[in-house]
Amino acid sequence: MVDMNVNLAAANKIEDPAFAAPVKLSVSDLTIRYGGTPALSGVNLEVRQHEIFGIIGPPNAGKTSFLKTLNRMDTFNTNMSVEGEILFNGLNVQNLKNIYALRSRIGVVFPLPVGLPLTIYENVALSPRLRGIKRKSELDVIVERCLSRAALWDEVKDRLDSLGSLLSGGQQQRLTIARALSQEPDLLMLDEFSIAVDPVTTMRIEDVLKELKHDMTIILVTNLVQQARRLADRTAFFLEGECVEVGVTEDLFTGEVQDQRTRDYVEGKFG
Amino acid sequence: MFAESALNVRNKRVQNLFRILFLMMTVLLIIPVVIILATLIAKGGSIISIDFLFTDPTNGMTAGGIFPALLGTVWIVAVALLASVPLGVAAAIYLNEYAGDNWFTRIIQLAIINLAGVPSIVHALFGVGAFVIFFGFGTSILAASLTLAIMTLPVVIVSTRESLRAVPQAFREACWNMGATRWQTIRRVVLPNAVSGILTGVILEVSRTTGETAPIMFTGAAFFLPFLPQGVFDQTMALSLHLFVVATQVPGVPDNLAFGVALVLIAMVLLMNSISIAFRMYLRGKKKW
Ligand SMILES: Nc1ncnc2c1ncn2[C@@H]1O[C@H](COP(=O)(O)OP(=O)(O)OP(=O)(O)O)[C@@H](O)[C@H]1O
Ligand SMILES: [Mg+2]
């Protein structure tokens with residue numbers, strides 16, 4: 001019992017040789033409230049560079065709210081208040097002057113694909129354009145690279161000028177990923193990306209993520225525990241506004257848990 | 001099993017009754033439009049010609065054409081648009097894209113609704129006080145147009161807001177998440193998708209402005225002017241006022257002349273409405289989401 005706890009503690013700490021990578025994101029005592037009602041409280045965790053960090057949990061656990069505070073989307077909701085400290089690359093995101101720069105370093109993929117009402121090409125070229133890149137040749141390279149990395153290039157290369165919103169759901173979700181990649185993100189956050197995507201495409205995207213992890217850090221919120229098991233190096237379990245535990249993914253699934261509720265959730269006993 | 005019961009029969013009869021009732025109401029509705037148009041065409045159609053449109057009135061407005069009035073209406077409407085569209089669109093963008101829901105925006109909203117309810121004669125008097133006298137524009141195209149602009153501002157704001165609101169919030173959030181500022185989001189995603197709706201609203205507003213009489217009658221439109229306006233500080237004739245004048249103020253105007261003026265006025269309005277409707281249909285076909 002004591003041994004196990006040491007193990008888990010180690011899994012959470014930088015000294016663990018298996019996770020010697022530097023800390024990308026460090027969250028301490030994070031509490032999120034909507035109009036006074038806490039949606040998430042007392043969260044402490046660290047995300048390391050080049051890992052896929054899974055977040056699992058039933059609906060209303062606070063997973064989406066958590067992601068929103070990381071890239072300061074809470075500024076668009078006057079009702080939402082955030083306490084605690086979030087360090088991204090060592091910088092406190094709450095005190096950042098330039099939150100636009102922060103957001104542009106973080107790619108976000110939503111549960112339902114949002115193809116902007118622009119052409120496929122412009123969907124991917126938008127972020128580079130916002131950064132001030134104007135040269136067509138430069139944009140062409142970025143668009144091709146991002147679409148290829150999102151495993152969509154072959155399907156759309158002949159119709160880059162048609163509307164992004166006319167693609168199928170699975171294609172649109174890959175377009176969203178390509179768009180996120182066009183931001184050249186440091187951190188990629190995916191929120192239940194497979195909810196509206198067929199299983200085959202889901203598998204393709206999962207393969208994409210395994211590749212991308214070599215270039216960036218990924219936070220993967222998922223309602224499919226098996227998806228977390230397939231992809232995540234470490235996983236956090238959120239439940240009813242609480243971060244129940246954080247551990248090496250495989251440990252959570254082999255029953256080496258700190259909290260009985262984690263075992264129950266992973267085994268599908270509730271949620 | 002499916003034999004009709006007495007209740008079924010009754011329901012059916014009632015249902016037919018209401019259908020016919022509603023159909024009759026609908027038909028009633030278009031009767032006035034048809035009668036108006038038919039009368040105008042029958043009584044005024046004969047006078048319409050290129051000459052009628054492009055020559056000056058003669059013989060104390062009892063003969064000749066309507067060119068100064070036609071041109072004056074174009075002037076007034078154009079200047080009114082130049083004033084109200086940028087102002088109204090900017091206000092709508094602010095209200096929809098920037099402002100939160102607080103006491104300030106609620107007061108503005110209330111003001112807009114009330115502005116829309118002010119009778120046009122009150123606008124006219126306000127125009128006299130504010131633009132003709134206070135700002136010293138005199139009775140001029142500028143004063144008349146600004147009065148009209150204020151009157152139509154609520155229409156522009158409301159219709160622009162509707163078009164902006166029709167752009168799904170998810171598009172904005174996707175842009176914000178990418179690090180776009182509100183303005184970048186508006187410029188690159190929101191406006192391009194709302195612009196056609198905004199234009200439709202603007203055209204509708206134009207058609208409304210064309211026919212207004214009271215607001216321009218004391219502020220810039222003249223009874224009769226033997227020359228064309230050279231700039232915004234000149235007075236001008238206008239079609240709507242001209243119609244009022246030839247129909248009621250000048251003795252000895254032949255019937256077909258008065259009806260002809262009315263026909264031209266209505267044709268202008270209908271033309272602009274059709275453009276607006278065609279535009280909307282074109283847009284529906286091009287909807288991007
Ligand atoms: N904009 C909001 N205003 C008020 N309350 C909110 C808002 N967004 C979320 N909440 C509340 O915060 C809590 C956490 O919601 P959140 O969306 O973060 O959960 P989630 O874990 O992402 O759930 P799901 O799996 O359904 O996406 C919920 O109780 C929800 O009702
Ligand atoms: Mg969620």
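The values are calculated or read from the model by the stated rules, or taken from the named source; none is laboratory data. Predicted, not measured: the structure shown is a model, and the values here were computed from it. Methodologically, a virtual Cβ is constructed for each residue, glycine included, from the backbone with ideal geometry; neighbour enumeration extends over all protein chains shown. The protein model used for the area step is the full one, side chains on, heavy atoms only, and it has no ligands, DNA or RNA in it. Shrake-Rupley method; radii C 1.70, N 1.55, O 1.52, S 1.80 Å.
Here are a few things to note about the model shown:
- Residue count for the stretch A:121-137 satisfying the condition of being over 21 Å from B:Leu191 (Cβ atoms) and part of a helix (DSSP H, G or I): 2.
- Unmet criterion (only one of (1) within 8 Å of chain A (Cβ to nearest Cβ); (2) in contact with a Lys or Arg (Cβ under 8 Å, 6 or more places away or on another chain)) for B:Thr181: (2)
- Verdict on B:Thr39 being hydroxyl-bearing (Ser, Thr, Tyr) and touching a residue at least 40 places away in the same chain (Cβ under 8 Å): yes
- Any chance A:Thr217 is crowded, with 17+ Cβ neighbours inside 10 Å, over 29 Å from A:Asp251 (Cα atoms), in contact with a strand residue (DSSP E or B) (Cβ under 9 Å, 6 or more places away or on another chain) and not basic (Lys, Arg): no
- Within the set A:Gly268, A:Gly247, the sole residue that is in a strand (DSSP E or B), out of contact with any Lys or Arg (no Cβ under 6 Å at 6 or more places or on another chain) and in contact (Cβ under 8 Å) with a residue 24 or more places away in the chain turns out to be A:Gly247.
- Just so you know, in the stretch A:78-94 the residues that are more than 16 Å from ligand 2 (Cβ to nearest atom), within 14 Å of chain B (Cβ to nearest Cβ) and crowded, with 17+ Cβ neighbours inside 10 Å include one that is farthest from A:Asp264 (Cα to Cα), and it is A:Val93.
- Any helices (runs of 4 or more DSSP H) falling wholly within the stretch A:154-241 and containing at least 2 residues that are within 16 Å of ligand 2 (Cβ to nearest atom) and not charged (D, E, K, R): A:169-181, A:225-231
- Checking each residue in the stretch A:62-77 for being away from ligand 2 (no atom under 15 Å from the Cβ) and either of a type in the set (Asp, Glu) or in a helix (DSSP H, G or I) (or both) picks out A:Thr75, A:Phe76.
- Only one entry in B:Gly64, B:Gly72, B:Gly44 is at negative phi and touching a strand residue (DSSP E or B) at 6+ places or on another chain (Cβ under 9 Å), namely B:Gly72.
- Total residues in the stretch B:184-236, condition surrounded by fewer than 17 Cβ atoms within 10 Å (Cβ to Cβ), within 14 Å of chain A (Cβ to nearest Cβ) and of a type in the set (A, V, I, L, M): 1
To keep it simple, each residue is scored yes or no on (1) within 27 Å of B:Ile198 (Cβ to Cβ); (2) in a helix (DSSP H, G or I); (3) touching a helix residue (DSSP H, G or I) at 6+ places or on another chain (Cβ under 9 Å); (4) open to solvent by 30 Å² or more (accessible area, probe 1.4 Å).
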| position | (1), (2), (3), (4) |
| --- | --- |
| B:Gly60 | no, no, no, yes |
| B:Trp75 | yes, yes, yes, yes |
| B:Ala78 | yes, yes, yes, yes |
| B:Ile93 | yes, yes, yes, no |
| B:Glu97 | yes, yes, yes, no |
| B:Ile107 | yes, yes, no, yes |
| B:Val128 | no, yes, yes, yes |
| B:Thr139 | no, no, yes, yes |
| B:Leu148 | yes, yes, yes, no |
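- For the stretch A:95-119, a residue qualifies if it is surrounded by fewer than 24 Cβ atoms within 10 Å (Cβ to Cβ), within 7 Å of chain B (Cβ to nearest Cβ) and not in a helix (DSSP H, G or I), and exactly one does: A:Pro117.
- Those helices (runs of 4 or more DSSP H) lying entirely in the stretch B:165-251 with at least 3 residues modelled with pLDDT under 90: B:191-211
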